[in-house]
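Visitor: Below you'll find the structure I mean.
The values are calculated or read from the model by the stated rules, or taken from the named source; none is laboratory data. Not measured: the values here are computed from a predicted model. So basically every Cβ, Gly included, is an ideal-geometry build from the backbone, and we count neighbours across all protein chains shown.
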Amino acid sequence: MKTKNYLELVRSWPQVGRHILGQFDERSIYVYQAYRPSIAEYAVANQRFGGDFSYARMSWIKPNFLWMMYRSGWATKEGQERILAIRLGVTFFDELLRSSVPSSRDPERFDSDASWRQAVAESDVRMQWDPDHDPSGRALERRAVQLGLRGEMLRRYGEREVLSITDITDFVAVQRRHLESDIRLLEVPSESVYVPEVTAARVAGVEAVPV
């Protein structure tokens, strides 16, 4: 995982709109999750999810590091004390986007509540756009995406599609101290705008759609 000074990096990010910020290359993209120690330790040791991890409930992944920090309180909330960086193939990530149904009805995709509810019931991927947040937790105009996985998609994610799982809790703890003492020292993963393939981008409703 590559990192960069936050105050330098933030100048390159869009300020408004729906954008998938993440660290990626041609083959893979990082997503983040926060868990209690028993789940994190099993995942790192086995490079897949199991043990106390539940495949019976929806699990949410976030490609945006600072959004994960907001949700976990920089790894201080109960049950979210360990932060995992999970590397996925971009092919699978784009498949998740194509398979996703929004958490609230998008009138451009669904002409009625009934058709949207039917799609929600049939899909294993839920998509949600929320306000992004700066390191202090302040809500921004830019939107950040998270994907909720269940059923077969969650099984594929947890058991077969992961390329690597890394515990970055120590890194998070150091950066939390920088945030509290001197934000000029704050380092975050080096993220930029990820543009999915065209169908995935249209389904997700991102601002930048490839031609």
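Visitor: So which residues in the range 164-194 are crowded, with 17+ Cβ neighbours inside 10 Å and outside any helix (DSSP H, G or I)?
Guide: I165, D167, I168, L186, V188, P189, E191, Y194
Visitor: Would you check if R71 is assigned to a helix (DSSP H, G or I) and surrounded by fewer than 15 Cβ atoms within 10 Å (Cβ to Cβ)?
Guide: no
Visitor: I would also like to ask the following. Quick one: in the range 11-40, of everything that is more than 17 Å from the chain's Cα centre (by Cα) and free of Cβ contacts under 8 Å to residues at least 60 places away in the same chain, which residue is nearest to V206 (Cα to Cα)?
Guide: R11
Visitor: Follow-up. List the residue pairs whose Cβ atoms are under 6 Å apart, where the first residue sits in the range 150-176 and is at pLDDT 95 or above, the second is among the small types (G, A, S), and the two are 6 or more positions apart or on different chains.
Guide: L154/S59; L163/S28; I165/A43; T166/A85; D167/A40; I168/A85; T169/A75; V172/A75
Visitor: Do the conditions hold for R48, that is, is it surrounded by fewer than 20 Cβ atoms within 10 Å (Cβ to Cβ) and touching a strand residue (DSSP E or B) at 6+ places or on another chain (Cβ under 8 Å)?
Guide: yes
Visitor: Condition first: part of a helix (DSSP H, G or I) and either under 27 Å from E95 (Cβ atoms) or acidic (D, E) (or both). Now tell me which residues in the range 1-44 satisfy that.
Guide: Within the range 1-44, E8, I39, A40, E41, Y42, A43, V44 qualify.
Visitor: Hey, another quick one. For L96, indicate whether it is of a type in the set (A, V, I, L, M), assigned to a helix (DSSP H, G or I) and within 18 Å of P196 (Cβ to Cβ).
Guide: yes
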